[in-house]
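Undergrad: The structure that follows is given in the form of C-alpha coordinates.
The values are calculated or read from the model by the stated rules, or taken from the named source; none is laboratory data. Just so it is clear, the model here is predicted, and its values are computed rather than measured. As a convention, Cβ positions derive from the backbone with ideal geometry for all residues, glycine included, and neighbour counts pool all protein chains shown. Areas reflect the complete protein model, heavy atoms only, side chains present, ligands, DNA and RNA absent. Shrake-Rupley method; radii C 1.70, N 1.55, O 1.52, S 1.80 Å.
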Amino acid sequence: MIPVSQVVVDADTEARVVSVLRSGALVQGAMVEEFEAGFAKVAGCRHAVAVSSGTTALVAALQALKVGAGDEVVIPAFTFVATLNAVLAVGATAVVVDVTLDYTVDPAALADAVTGRTVAVMPVHLYGLPADMGAIDATARRHGLAIVEDAAQAHGAEVAEQRVGSFGVGCFSFYATKNLSTGEGGMVTTDDGDLARRLRLLRNQGMERRYEYEISGFNYRMTDLQAALGIGQLAGLKAMNDRRRANAARYTDVLSRGRLEPPTVPEGRTHVFHQYTIRTGEGPEQRDALVDDLHSRGVGAAVYYPRAVHDYECFEGHPAIVAGDVPTARSFAERVVSLPVHQHLGDSDVERVAVAIGDAALVDRD
Ligand SMILES: *Cc1c(COP(=O)(O)O)cnc(C)c1O
(Lines give C-alpha, C1' and ligand atoms only; values in the text may rest on other atoms or scores of the structure.)
Protein backbone atom coordinates (compact mmCIF):
# COMPACT_ATOMS: atom_id res chain seq x y z
CA MET A 1 0.00 0.00 0.00
CA ILE A 2 1.38 3.42 -0.95
CA PRO A 3 1.11 5.33 2.35
CA VAL A 4 -0.49 8.80 2.69
CA SER A 5 2.43 9.86 4.86
CA GLN A 6 5.90 8.54 5.52
CA VAL A 7 8.73 9.47 7.87
CA VAL A 8 12.25 9.23 6.46
CA VAL A 9 15.24 10.18 8.61
CA ASP A 10 18.41 10.87 6.62
CA ALA A 11 21.93 10.00 7.81
CA ASP A 12 22.84 13.57 8.83
CA THR A 13 19.74 13.88 10.95
CA GLU A 14 20.35 10.50 12.53
CA ALA A 15 23.89 11.62 13.40
CA ARG A 16 22.58 14.87 14.90
CA VAL A 17 20.10 12.96 17.08
CA VAL A 18 22.83 10.56 18.18
CA SER A 19 25.05 13.51 19.09
CA VAL A 20 22.30 14.81 21.38
CA LEU A 21 21.91 11.35 22.95
CA ARG A 22 25.64 11.12 23.58
CA SER A 23 25.79 14.63 25.02
CA GLY A 24 23.33 13.57 27.71
CA ALA A 25 21.64 17.01 27.41
CA LEU A 26 18.25 15.93 26.16
CA VAL A 27 16.01 18.76 27.33
CA GLN A 28 15.42 22.12 25.67
CA GLY A 29 18.80 23.66 24.90
CA ALA A 30 21.10 24.63 22.04
CA MET A 31 19.36 22.42 19.44
CA VAL A 32 16.00 23.99 20.20
CA GLU A 33 17.52 27.46 19.81
CA GLU A 34 19.03 26.50 16.46
CA PHE A 35 15.74 25.02 15.27
CA GLU A 36 13.87 28.16 16.34
CA ALA A 37 16.26 30.44 14.48
CA GLY A 38 15.94 28.34 11.33
CA PHE A 39 12.19 28.03 11.57
CA ALA A 40 11.65 31.77 12.06
CA LYS A 41 12.80 32.12 8.45
CA VAL A 42 10.29 29.49 7.27
CA ALA A 43 7.51 31.67 8.65
CA GLY A 44 9.14 34.97 7.64
CA CYS A 45 9.02 36.11 11.27
CA ARG A 46 11.48 37.62 13.74
CA HIS A 47 10.62 35.15 16.51
CA ALA A 48 9.89 31.45 16.71
CA VAL A 49 9.17 29.68 20.00
CA ALA A 50 9.35 25.88 19.97
CA VAL A 51 6.76 23.97 21.98
CA SER A 52 5.71 20.38 22.59
CA SER A 53 3.00 20.08 19.90
CA GLY A 54 0.84 21.92 17.42
CA THR A 55 -1.99 21.82 19.93
CA THR A 56 0.10 23.42 22.68
CA ALA A 57 1.26 26.00 20.11
CA LEU A 58 -2.39 27.02 19.62
CA VAL A 59 -3.08 27.04 23.37
CA ALA A 60 0.09 29.03 24.15
CA ALA A 61 -0.71 31.54 21.38
CA LEU A 62 -4.20 32.14 22.81
CA GLN A 63 -2.84 32.41 26.35
CA ALA A 64 -0.10 34.82 25.25
CA LEU A 65 -2.83 36.98 23.72
CA LYS A 66 -4.74 36.71 27.03
CA VAL A 67 -7.74 35.08 25.38
CA GLY A 68 -9.95 33.43 27.99
CA ALA A 69 -13.38 33.10 29.55
CA GLY A 70 -16.00 35.38 28.00
CA ASP A 71 -14.00 35.85 24.80
CA GLU A 72 -15.12 34.51 21.43
CA VAL A 73 -12.79 33.03 18.84
CA VAL A 74 -14.01 32.32 15.30
CA ILE A 75 -12.87 28.99 13.80
CA PRO A 76 -13.79 27.02 10.66
CA ALA A 77 -16.12 24.01 10.88
CA PHE A 78 -13.86 21.89 8.70
CA THR A 79 -10.55 21.26 10.49
CA PHE A 80 -8.76 18.91 12.84
CA VAL A 81 -10.27 18.93 16.31
CA ALA A 82 -7.18 20.56 17.87
CA THR A 83 -8.32 23.93 16.52
CA LEU A 84 -11.53 23.65 18.53
CA ASN A 85 -9.92 22.01 21.58
CA ALA A 86 -7.36 24.82 21.91
CA VAL A 87 -10.13 27.42 22.17
CA LEU A 88 -11.99 25.31 24.72
CA ALA A 89 -8.77 24.68 26.67
CA VAL A 90 -8.29 28.39 27.39
CA GLY A 91 -11.91 28.72 28.48
CA ALA A 92 -12.99 30.84 25.52
CA THR A 93 -16.04 30.29 23.31
CA ALA A 94 -15.55 28.82 19.85
CA VAL A 95 -17.75 30.32 17.15
CA VAL A 96 -17.81 27.79 14.33
CA VAL A 97 -18.39 29.02 10.77
CA ASP A 98 -18.51 27.40 7.34
CA VAL A 99 -15.74 26.97 4.76
CA THR A 100 -15.57 27.76 1.04
CA LEU A 101 -14.96 25.48 -1.94
CA ASP A 102 -11.18 25.62 -1.31
CA TYR A 103 -11.68 24.05 2.19
CA THR A 104 -10.53 27.14 4.10
CA VAL A 105 -12.70 29.40 6.26
CA ASP A 106 -15.31 31.49 4.43
CA PRO A 107 -14.16 35.11 4.98
CA ALA A 108 -17.73 36.42 4.67
CA ALA A 109 -19.05 33.95 7.26
CA LEU A 110 -16.12 34.84 9.51
CA ALA A 111 -16.90 38.57 9.23
CA ASP A 112 -20.61 37.91 9.93
CA ALA A 113 -19.74 35.96 13.07
CA VAL A 114 -17.93 38.86 14.74
CA THR A 115 -19.71 40.17 17.87
CA GLY A 116 -18.73 42.56 20.64
CA ARG A 117 -17.13 39.61 22.45
CA THR A 118 -14.96 38.42 19.55
CA VAL A 119 -11.25 38.85 20.30
CA ALA A 120 -9.56 36.59 17.77
CA VAL A 121 -10.03 34.69 14.52
CA MET A 122 -8.32 31.38 13.89
CA PRO A 123 -8.08 30.59 10.18
CA VAL A 124 -6.73 27.13 9.32
CA HIS A 125 -4.48 26.65 6.29
CA LEU A 126 -6.08 23.29 5.64
CA TYR A 127 -4.25 20.63 3.63
CA GLY A 128 -1.42 23.16 3.07
CA LEU A 129 -3.51 25.82 1.32
CA PRO A 130 -3.42 29.24 3.00
CA ALA A 131 -6.79 30.70 3.96
CA ASP A 132 -7.85 33.96 2.27
CA MET A 133 -5.61 36.08 4.49
CA GLY A 134 -6.23 39.35 2.62
CA ALA A 135 -9.94 39.29 3.42
CA ILE A 136 -9.43 37.87 6.93
CA ASP A 137 -6.80 40.49 7.75
CA ALA A 138 -9.19 43.26 6.64
CA THR A 139 -11.90 41.96 8.99
CA ALA A 140 -9.42 41.57 11.85
CA ARG A 141 -8.18 45.15 11.40
CA ARG A 142 -11.69 46.57 11.16
CA HIS A 143 -12.66 45.02 14.50
CA GLY A 144 -9.27 45.03 16.26
CA LEU A 145 -9.08 41.22 16.41
CA ALA A 146 -6.00 39.07 16.85
CA ILE A 147 -5.23 36.52 14.13
CA VAL A 148 -4.04 33.11 15.31
CA GLU A 149 -3.11 31.06 12.26
CA ASP A 150 -3.48 27.31 12.52
CA ALA A 151 -0.60 26.59 10.14
CA ALA A 152 -0.11 23.03 11.40
CA GLN A 153 -0.35 21.70 7.83
CA ALA A 154 1.24 24.56 5.92
CA HIS A 155 4.98 25.00 6.60
CA GLY A 156 6.32 27.37 3.95
CA ALA A 157 3.01 28.17 2.22
CA GLU A 158 2.49 31.75 1.04
CA VAL A 159 -0.14 34.34 0.24
CA ALA A 160 1.10 37.01 -2.18
CA GLU A 161 4.64 35.89 -1.37
CA GLN A 162 4.13 36.39 2.35
CA ARG A 163 4.70 33.30 4.46
CA VAL A 164 1.92 31.81 6.55
CA GLY A 165 2.63 32.23 10.22
CA SER A 166 3.49 35.91 9.67
CA PHE A 167 -0.05 37.28 9.24
CA GLY A 168 -0.76 36.98 12.94
CA VAL A 169 0.55 34.55 15.53
CA GLY A 170 1.54 31.42 13.60
CA CYS A 171 1.04 27.94 15.04
CA PHE A 172 2.79 24.98 13.44
CA SER A 173 2.84 21.25 14.17
CA PHE A 174 5.68 18.77 13.68
CA TYR A 175 3.58 15.69 14.37
CA ALA A 176 4.83 12.60 12.52
CA THR A 177 2.45 12.96 9.57
CA LYS A 178 3.10 16.67 8.94
CA ASN A 179 5.30 18.00 6.11
CA LEU A 180 8.07 18.71 8.60
CA SER A 181 8.09 16.25 11.46
CA THR A 182 9.83 15.66 14.77
CA GLY A 183 7.48 12.93 16.00
CA GLU A 184 5.73 15.39 18.28
CA GLY A 185 6.43 19.11 18.37
CA GLY A 186 5.19 22.56 17.53
CA MET A 187 6.22 26.18 16.96
CA VAL A 188 4.69 29.58 17.54
CA THR A 189 5.87 32.41 15.28
CA THR A 190 5.48 36.17 15.67
CA ASP A 191 7.13 39.50 14.89
CA ASP A 192 6.14 40.87 18.28
CA GLY A 193 9.05 40.68 20.72
CA ASP A 194 6.88 41.14 23.81
CA LEU A 195 4.55 38.36 22.71
CA ALA A 196 7.52 36.08 22.02
CA ARG A 197 8.83 36.70 25.52
CA ARG A 198 5.41 35.93 26.99
CA LEU A 199 5.32 32.70 24.99
CA ARG A 200 8.72 31.71 26.38
CA LEU A 201 7.47 32.38 29.92
CA LEU A 202 4.27 30.39 29.35
CA ARG A 203 6.32 27.51 27.95
CA ASN A 204 8.51 27.26 31.02
CA GLN A 205 6.37 27.60 34.16
CA GLY A 206 6.30 31.38 33.88
CA MET A 207 10.02 31.86 34.50
CA GLU A 208 13.01 33.12 32.56
CA ARG A 209 15.39 32.76 35.51
CA ARG A 210 15.00 29.69 37.69
CA TYR A 211 12.33 30.00 40.39
CA GLU A 212 11.65 33.63 39.50
CA TYR A 213 8.05 33.23 38.39
CA GLU A 214 6.66 36.20 36.47
CA ILE A 215 3.32 34.73 35.41
CA SER A 216 1.51 31.44 35.84
CA GLY A 217 2.86 29.20 33.11
CA PHE A 218 2.97 25.57 32.09
CA ASN A 219 5.40 23.05 30.58
CA TYR A 220 5.18 23.29 26.79
CA ARG A 221 8.89 22.64 26.19
CA MET A 222 10.36 20.79 23.22
CA THR A 223 13.33 18.48 23.75
CA ASP A 224 16.69 18.84 21.99
CA LEU A 225 16.10 15.39 20.49
CA GLN A 226 13.03 16.66 18.65
CA ALA A 227 14.80 19.85 17.56
CA ALA A 228 17.69 17.75 16.21
CA LEU A 229 15.18 15.89 14.04
CA GLY A 230 13.68 19.14 12.78
CA ILE A 231 16.87 21.05 11.96
CA GLY A 232 17.88 18.68 9.19
CA GLN A 233 14.57 19.16 7.39
CA LEU A 234 14.72 22.96 7.19
CA ALA A 235 17.15 23.16 4.29
CA GLY A 236 15.10 20.70 2.24
CA LEU A 237 11.73 22.33 2.87
CA LYS A 238 11.54 24.17 -0.45
CA ALA A 239 12.50 21.09 -2.48
CA MET A 240 9.99 19.04 -0.51
CA ASN A 241 7.17 21.50 -1.15
CA ASP A 242 8.15 21.69 -4.84
CA ARG A 243 8.02 17.90 -5.07
CA ARG A 244 4.59 17.81 -3.42
CA ARG A 245 3.35 20.47 -5.87
CA ALA A 246 4.71 18.52 -8.83
CA ASN A 247 2.96 15.34 -7.65
CA ALA A 248 -0.24 17.33 -7.16
CA ALA A 249 0.01 18.81 -10.65
CA ARG A 250 0.21 15.31 -12.10
CA TYR A 251 -2.99 14.26 -10.30
CA THR A 252 -4.83 17.46 -11.23
CA ASP A 253 -3.89 16.91 -14.86
CA VAL A 254 -5.45 13.43 -14.75
CA LEU A 255 -8.58 14.71 -12.99
CA SER A 256 -9.25 17.44 -15.55
CA ARG A 257 -11.16 14.69 -17.35
CA GLY A 258 -13.86 13.01 -15.32
CA ARG A 259 -16.11 13.48 -12.37
CA LEU A 260 -13.84 13.81 -9.34
CA GLU A 261 -13.15 17.37 -8.18
CA PRO A 262 -9.45 18.19 -7.73
CA PRO A 263 -8.31 20.80 -5.20
CA THR A 264 -8.24 24.38 -6.45
CA VAL A 265 -5.52 26.91 -5.71
CA PRO A 266 -6.84 30.48 -5.69
CA GLU A 267 -4.77 33.17 -7.42
CA GLY A 268 -1.92 34.51 -5.28
CA ARG A 269 -1.75 31.60 -2.84
CA THR A 270 0.84 28.81 -2.87
CA HIS A 271 -0.32 25.39 -1.74
CA VAL A 272 2.21 23.08 -0.05
CA PHE A 273 -0.02 20.01 -0.37
CA HIS A 274 0.16 18.51 3.08
CA GLN A 275 -2.77 16.60 1.61
CA TYR A 276 -4.03 16.29 -1.95
CA THR A 277 -7.76 16.09 -1.35
CA ILE A 278 -10.40 15.36 -3.98
CA ARG A 279 -14.19 15.32 -3.77
CA THR A 280 -16.70 12.81 -5.02
CA GLY A 281 -20.37 13.65 -5.78
CA GLU A 282 -23.11 14.14 -3.20
CA GLY A 283 -23.56 11.62 -0.42
CA PRO A 284 -21.04 9.39 1.40
CA GLU A 285 -21.64 6.21 -0.67
CA GLN A 286 -19.57 7.35 -3.66
CA ARG A 287 -16.73 8.46 -1.42
CA ASP A 288 -16.67 5.24 0.58
CA ALA A 289 -16.71 3.21 -2.66
CA LEU A 290 -13.77 5.26 -3.98
CA VAL A 291 -11.74 4.69 -0.80
CA ASP A 292 -12.38 0.92 -1.09
CA ASP A 293 -11.45 0.96 -4.77
CA LEU A 294 -8.19 2.85 -4.11
CA HIS A 295 -7.27 0.53 -1.24
CA SER A 296 -7.85 -2.50 -3.46
CA ARG A 297 -5.35 -0.98 -5.91
CA GLY A 298 -2.74 -0.49 -3.19
CA VAL A 299 -3.27 3.26 -2.94
CA GLY A 300 -3.44 4.50 0.64
CA ALA A 301 -6.37 6.90 0.70
CA ALA A 302 -7.73 8.52 3.83
CA VAL A 303 -10.57 10.75 4.92
CA TYR A 304 -9.64 14.07 6.56
CA TYR A 305 -12.14 14.72 8.12
CA PRO A 306 -15.24 12.50 8.31
CA ARG A 307 -17.39 15.06 10.20
CA ALA A 308 -17.62 18.79 10.80
CA VAL A 309 -15.35 19.56 13.75
CA HIS A 310 -18.17 19.99 16.28
CA ASP A 311 -20.50 17.23 14.98
CA TYR A 312 -19.74 14.84 17.82
CA GLU A 313 -21.80 13.86 20.81
CA CYS A 314 -19.19 15.22 23.23
CA PHE A 315 -19.64 18.71 21.77
CA GLU A 316 -23.42 18.62 21.50
CA GLY A 317 -24.97 21.41 23.57
CA HIS A 318 -21.49 22.44 24.75
CA PRO A 319 -21.83 25.80 26.48
CA ALA A 320 -18.63 27.15 24.87
CA ILE A 321 -19.46 26.22 21.27
CA VAL A 322 -21.63 28.45 19.08
CA ALA A 323 -22.34 27.02 15.65
CA GLY A 324 -24.77 28.01 12.96
CA ASP A 325 -25.51 26.16 9.76
CA VAL A 326 -22.37 24.81 8.07
CA PRO A 327 -23.69 22.98 4.96
CA THR A 328 -20.42 23.12 3.00
CA ALA A 329 -18.36 21.61 5.82
CA ARG A 330 -20.94 18.87 6.33
CA SER A 331 -21.10 18.09 2.62
CA PHE A 332 -17.29 17.94 2.34
CA ALA A 333 -17.08 15.62 5.34
CA GLU A 334 -19.07 13.09 3.28
CA ARG A 335 -17.17 13.60 0.05
CA VAL A 336 -13.44 14.14 0.64
CA VAL A 337 -10.64 11.68 -0.02
CA SER A 338 -6.93 12.45 0.47
CA LEU A 339 -4.32 10.72 -1.69
CA PRO A 340 -0.61 10.05 -1.15
CA VAL A 341 1.19 13.21 -2.42
CA HIS A 342 4.28 13.37 -0.18
CA GLN A 343 7.88 13.92 -1.25
CA HIS A 344 8.98 10.33 -0.63
CA LEU A 345 6.81 8.91 -3.40
CA GLY A 346 8.76 7.53 -6.30
CA ASP A 347 7.75 8.34 -9.89
CA SER A 348 6.18 4.90 -10.22
CA ASP A 349 4.12 5.46 -7.05
CA VAL A 350 2.84 8.77 -8.42
CA GLU A 351 1.89 7.07 -11.69
CA ARG A 352 0.09 4.28 -9.84
CA VAL A 353 -1.97 6.83 -7.93
CA ALA A 354 -2.58 8.85 -11.12
CA VAL A 355 -3.81 5.78 -13.03
CA ALA A 356 -6.04 4.72 -10.13
CA ILE A 357 -7.76 8.10 -9.82
CA GLY A 358 -7.88 8.52 -13.59
CA ASP A 359 -9.81 5.25 -13.86
CA ALA A 360 -12.02 6.14 -10.91
CA ALA A 361 -12.81 9.57 -12.35
CA LEU A 362 -14.24 7.98 -15.47
CA VAL A 363 -16.48 5.52 -13.61
CA ASP A 364 -20.12 6.55 -13.73
CA ARG A 365 -21.26 6.20 -10.12
CA ASP A 366 -24.71 7.77 -10.52
C1 LIG B 1 -1.97 18.35 13.38
C2 LIG B 1 -2.87 19.52 13.55
C3 LIG B 1 -2.96 20.21 14.75
C4 LIG B 1 -2.35 19.74 16.05
O5 LIG B 1 -1.03 19.44 16.00
P6 LIG B 1 -0.41 18.33 17.01
O7 LIG B 1 1.06 18.51 16.82
O8 LIG B 1 -0.92 17.01 16.58
O9 LIG B 1 -0.85 18.69 18.38
C10 LIG B 1 -3.74 21.36 14.80
N11 LIG B 1 -4.42 21.78 13.73
C12 LIG B 1 -4.38 21.13 12.56
C13 LIG B 1 -5.14 21.66 11.39
C14 LIG B 1 -3.61 19.97 12.42
O15 LIG B 1 -3.59 19.32 11.26
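Undergrad: Beyond 34 Å, how much of the Cα-Cα pair distribution for the chain remains, as a whole percent?
TA: Percentage above 34 Å: 26.
Undergrad: Continuing with the same structure: Please work out the average accessible area per residue across the chain, using the 1.4 Å probe convention, and give it in Å².
TA: The answer is 42 Å² per residue.
Undergrad: Rg to Rh ratio, the stretch 177-319, alpha-carbon atoms and Kirkwood radius?
TA: 1.08
Undergrad: Within the stretch 235-323, which chymotrypsin sites (Phe, Trp or Tyr not before Pro) sit in a loop by DSSP and count at most 13 neighbouring Cβ atoms inside 10 Å?
TA: Y312
Undergrad: Quick one: with all protein chains in place, what share of the accessible area of the chain is carbon or sulfur, to the nearest percent (1.4 Å probe)?
TA: Looking at the chain in its full context, I get 51 percent from C and S.
Undergrad: Related question: So what's the gap between the Cα centers of the stretch 3-59 and the stretch 251-292, to the nearest angstrom?
TA: Each part's Cα centre sits 32 Å from the other's.
Undergrad: In the stretch 37-112, what trypsin sites (Lys or Arg not before Pro) fall in a loop by DSSP, with at most 16 other Cβ atoms inside 10 Å? Display every interim value, and only then the final one.
TA: Working: sites: K41, R46, K66; in loops: R46, K66.
Within the stretch 37-112, the qualifying trypsin sites (Lys or Arg not before Pro) (loop, at most 16 other Cβ atoms within 10 Å) are R46, K66.
Undergrad: Using a cut-off of 18 Å between alpha-carbon atoms, which lysines can reach K238, once sequence neighbours fewer than 8 places away in the same chain are excluded?
TA: Once the sequence-local lysines are set aside, what remains near K238 is K41, K178.
Undergrad: For the chain, which span is the longest to avoid every loop-located (per DSSP) member of GluC sites (Glu not before Pro) having at most 10 other Cβ atoms inside 10 Å?
TA: Value returned for the longest uninterrupted segment is 1-160.
Undergrad: Do any trypsin sites (Lys or Arg not before Pro) in the stretch 167-256 lie in a loop, going by DSSP, with at most 11 other beta-carbon atoms within 10 Å of their beta carbon, and if so which?
TA: Working: sites: K178, R197, R198, R200, R203, R209, R210, R221, K238, R243, R244, R245, R250; in loops: K178, R209, R210, R221.
Sparse-neighbourhood loop trypsin sites (Lys or Arg not before Pro): R209, R210.
Undergrad: Evaluated at 4 °C with a viscosity of 1.567 mPa s, what Stokes-Einstein diffusion coefficient in µm²/s does the stretch 244-338 have when Rh comes from the Kirkwood expression over alpha-carbon pairs?
TA: Answer, rounded: 86 µm²/s.
Undergrad: For H295 and T252 in one chain, what is 0.36 nm times their gap in residues minus the Cα-Cα distance, to one decimal in nm?
TA: 13.5 nm
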